[in-house]
Amino acid sequence: MTDHATSDRVRVTFYLGTHRAHWLADSNVPLFISRRILEGRKTLPKANCRWVLDSGGFTELNLFGRWETTPTRYAAEVRRYEQEIGNLDWAAPMDWMCEPSVVAKTGLTVRQHQRRTIDNFQDLRFRLGPLVAPVLQGWTIDDYLHHADMYQQRGVYLTYEPIVGIGSICRRGQDKEIHNIIRRLAQEGIRMHAFGVRSRALAGCADVLASADSMSWSYTARRSQPLPGHTHKSCANCREYAEQWHAKQVARLESTLFYGAAA
């Protein structure tokens, strides 16, 4: 399958989220995968595609109300994945999400989550160099702008970064909120990656994004009939289904970016 996401026509790279490590060796499209899928594996696949490593922070904070993984362990894992898997575009830091449910779970404030996100980023940047990307966290637009100011006060100029993740957007109920946050941050000149943004929301702000990821294909597959000829109950774990879904999303982005209408 052609890697449509890196064609000359599409300006935004769309990473396909997956919970299957072996897809790294088989896929021709960019992948987005959590360290929680890779950790503890004795052998790792050699990547046939570009990919991004997610730190798995949302799951970890919801499970424990804190990070139990240490920066030393995470940095060692990232280095191993870079060397043994290869083709790693970048890795997310051990950031602290700011959804109200996560803030309630940790018992901290949004500002404390933001401060800890920067602390960890700077720790990992020292250990890993530019392989780790900064992430902006917040809940309101003012939160994100304040977090950007906090980075600058710590000597991190986000407009100089090749990519900056925008967290705490994928579980919002309103696409308009996502659009407003991303478009406002785009005015700051930040080159952004949108974590886990759903397709409908992505179509409304793709023109100001550098990249995005989504794993919503698996949710859709669980509620749909398998592809013709497939004998499994659903295609929720099916690479063929996922890559067909990915191709449709990229085609939709092409239509949105170049023809002014979603497919």
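Quick look at the numbers
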read-out: Residue tally, condition over 19 Å from the mean Cα position of the chain (by Cα) and either crowded, with 19+ Cβ neighbours inside 10 Å or within 18 Å of A194 (Cβ to Cβ) (or both), over region 117-140; value: 1
read-out: Residue check for A201: more than 17 Å from F32 (Cα to Cα), within 16 Å of the chain's Cα centre (by Cα) and surrounded by 18 or more Cβ atoms within 10 Å (Cβ to Cβ); value: yes
read-out: The one condition in (1) over 22 Å from Q114 (Cβ atoms); (2) touching a helix residue (DSSP H, G or I) at 6+ places or on another chain (Cβ under 6 Å); (3) of a type outside the set (S, T, Y) that M94 fails to fulfil; value: (1)
read-out: Evaluation of E161 against (1) modelled with pLDDT under 95; (2) acidic (D, E); (3) closer than 30 Å to R80 by Cβ (one fails), failing number; value: (1)
read-out: Condition met for L253 (aliphatic (A, V, I, L, M), modelled with pLDDT under 80, in contact with a helix residue (DSSP H, G or I) (Cβ under 8 Å, 6 or more places away or on another chain) and closer than 26 Å to G173 by Cβ); value: no
read-out: Hits in region 134-155 (condition: in contact with a Gly (Cβ under 6 Å, 6 or more places away or on another chain) and assigned to a loop (DSSP other than H, G, I, E, B)); value: Q137
read-out: Yes/no for C170 being of a type outside the set (V, I, T) and more than 21 Å from T140 (Cα to Cα); value: no
read-out: Number of the condition not met by P100 [criteria: (1) over 18 Å from the mean Cα position of the chain (by Cα); (2) in contact (Cβ under 8 Å) with a residue 40 or more places away in the chain]; value: (2)
read-out: Answer residue from region 223-244, given it is hydroxyl-bearing (S, T, Y) and over 21 Å from A21 (Cα atoms) and is surrounded by the fewest Cβ atoms within 10 Å (Cβ to Cβ) among those; value: T231
read-out: Qualifying residue in region 199-216 (condition: of a type in the set (V, I, T), closer than 27 Å to R115 by Cα and touching an Asp or Glu at 6+ places or on another chain (Cβ under 8 Å)); value: no
read-out: Test: residue in region 55-69 that is out of contact with any helix residue (DSSP H, G or I) (no Cβ under 7 Å at 6 or more places or on another chain) and among the polar types (S, T, N, Q); value: no
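The values are calculated or read from the model by the stated rules, or taken from the named source; none is laboratory data. Everything quoted here is computed from the prediction, not taken from an experiment. Backbone-built Cβ (ideal geometry, glycine too); neighbour counts: all protein chains shown.
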